[in-house]
Each structure stands twice: as structure tokens, then as C-alpha cells.
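Since the structure comes first, as C-alpha cells, the remarks are kept for the end.
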Amino acid sequence: MASAKEINDDAVVRKAPLFSALDDASAASLRASMTPVKVSKGNTLFKEGDAGDRLYVVVDGKLKLGTSSVDGRENLLSILGPGEMFGELSLFDPGPRTATATAVTDARLLALAHDQVIGWVTEHPQVSLQLLGRLAQRLRRTNEVLADLVFSDVPGRVAKAIMDLGTRFGVQKDDGLHVNHDLTQEELAQLVGASRETVNKALADFAGRGWVRLEPRAVVVIDVERLSKRGK
Ligand code: CMP
């Protein structure tokens, strides 16, 4: 009999774009063709510029996708959690990896070789539609991030990033929305595209107004309405 953990893992994986359009039998067969991969907290799975030959689905844990400038400054493109997929760009637009993937917490993943993805996409057109949907979603989000970098101030971007992380990783409790982002202050700043000092100032301001409570690697959002409004 499957354990509770296996059943939960299955439900998470089924939400990934590769799987969501498949019937149970095809999903089970796809899953069986994937290789489990573990990455420990702080370890890098692949680096920007590496050759890429597989994509990944996150089963458990969080990863960050980042790029760095020639002078060593880092920018985070995204934080990924369970059910999310990455590593497909180097397949659809053949070339090196466009970002570095590093585990923010211990993470379990499933990997699928790019040539196997092509097989699935060719035999199951509905899988391609799901993948296109996900790529379009990402482009929409990237456009929004770009517009925010130009039009929004740092506190607005911090508020938006917390609410985005809260929507994906938050747990509602009696005292507020607990957003266990697992990021250091430096990583949060890299995600927002600002200095650590400016991001800290914005967070301290939100805390002073009673909108959030700051905890190590977590934020408790007490006033969702006000914080969301600040991030608009
Ligand atoms: P690939 O280039 O193979 O390896 C890095 C991965 O990061 C890439 O595939 C995408 O899956 C992912 N990625 C790149 N840019 C973004 C972005 N702007 N938002 C979210 N994910 C991204």
C-alpha cells in the first residue's frame, strides 16, 4: 500500500504542467520514466551557462533560480516550490542553461531527459498545450516584474514579493498569513532587485505600521489588505 508521503507526492506531481492533462495511467507511466533527484540545502543543481539535458519537477522543498552579472552581483528570477517545473528553456530554445538552480531548503525533484520530453509532447498534444500555458504565464509574470522595476518603488516591490510568496507558500493561521519563504535578507533583496538595506528599511516600516511581523526566514502578514494595496 502507498504511504501517506507517496500519496501526497503524487498529488503534488499531478499538478505539474507535464502531468496535469494526462489520465491516471499515462501520468503513472510518465512518473515511472522520471528519475528522483535530491539536492541538499545550499547546493547547486546546475549553473547558468551549463549544457542542459533534462527538466525538473519539484516534489518537495524550495529552489531559487538566479543569474549573476559579470561583476558578481546576483539577481533572483524566481523561487520555486512543490509542483513547479524548471529546466525546459534549454530544450525549447536549445542553448545553455539560462539560470543557476540552487536549493533553498533540502529538496526532492523528479528529472526527465529532454529527449523523453519530446516523445511525450509528440504523443500527447495536450501536454504541449499545458507547457505553452506555463511558458506564457511565466512571460506574463516576467513582464510584470520588469514593469515593476521601472514603475514601482522598492517598498511596493517588497510588498508584492511577500504577497506573491504568501499566495504560493503561505499558511493562514489565527494570527495572520505565515509566509515561510526560507530566504535570507540578502536573497529577498536579490528577488526584489534592490539593496539589502533598502529592503530591510521597507520591511521595518511595514512592521512598524503593524502590517507584518518579521521572523527569521519568514514573515507573518497581519494586514493582508494593506500590504496587497501597497504592492499594487
Ligand atoms: P533552463 O534555461 O534550462 O535552466 C534554467 C531554468 O530557469 C530555465 O530553463 C527555466 O525553467 C527557469 N527560468 C528561466 N528564467 C525564468 C524566469 N524569468 N522565471 C521563472 N523561471 C525561469
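Just to be sure, is E144 in a helix (DSSP H, G or I) and either among the aromatic types (F, W, Y) or in contact with a strand residue (DSSP E or B) (Cβ under 9 Å, 6 or more places away or on another chain) (or both)? Criteria not met by E144.
Among the residues of segment 119-128, is any in contact (Cβ under 8 Å) with a residue 12 or more places away in the chain, surrounded by fewer than 16 Cβ atoms within 10 Å (Cβ to Cβ), under 21 Å from E48 (Cα atoms) and more than 9 Å from the ligand (Cβ to nearest atom)? No: zero hits.
Being closer than 28 Å to N180 by Cα and within 10 Å of the ligand (Cβ to nearest atom): is that true of T105 here? No: the conditions fail for T105. When you look at V12, is it in contact with a Pro (Cβ under 8 Å, 6 or more places away or on another chain), more than 10 Å from the ligand (Cβ to nearest atom), touching a residue at least 24 places away in the same chain (Cβ under 8 Å) and within 26 Å of T167 (Cβ to Cβ), yes or no? Considered against the rule, which asks whether it is in contact with a Pro (Cβ under 8 Å, 6 or more places away or on another chain), more than 10 Å from the ligand (Cβ to nearest atom), touching a residue at least 24 places away in the same chain (Cβ under 8 Å) and within 26 Å of T167 (Cβ to Cβ), V12 comes out as yes.
Selection of segment 80-98 for residues being near the ligand (Cβ under 9 Å from one of its atoms), of a type outside the set (S, T, Y), surrounded by fewer than 18 Cβ atoms within 10 Å (Cβ to Cβ) and part of a loop (DSSP other than H, G, I, E, B) yields D93, G95, P96. Among the residues of segment 99-118, how many are surrounded by fewer than 19 Cβ atoms within 10 Å (Cβ to Cβ) and either in a loop (DSSP other than H, G, I, E, B) or touching a strand residue (DSSP E or B) at 6+ places or on another chain (Cβ under 9 Å) (or both)? Matching residues across segment 99-118 total 7.
If you check R157 against the conditions, is it outside the structural domain of V104 (by TED's automatic domain parsing) and either of a type in the set (F, W, Y) or not in a helix (DSSP H, G or I) (or both)? So R157 fails the test.
Restricting attention to segment 18-51, the residues being within 14 Å of M85 (Cα to Cα) and part of a loop (DSSP other than H, G, I, E, B) number 4. Looking only at residues in segment 33-70 that are surrounded by fewer than 18 Cβ atoms within 10 Å (Cβ to Cβ) and at positive phi, the one that is farthest from the ligand (Cβ to nearest atom) is G42.
The values are calculated or read from the model by the stated rules, or taken from the named source; none is laboratory data. Computed from a prediction, not measured in an experiment: that's the story for all the values here. We place every Cβ from the backbone using ideal geometry, glycine too, and count neighbours over all the protein chains shown.
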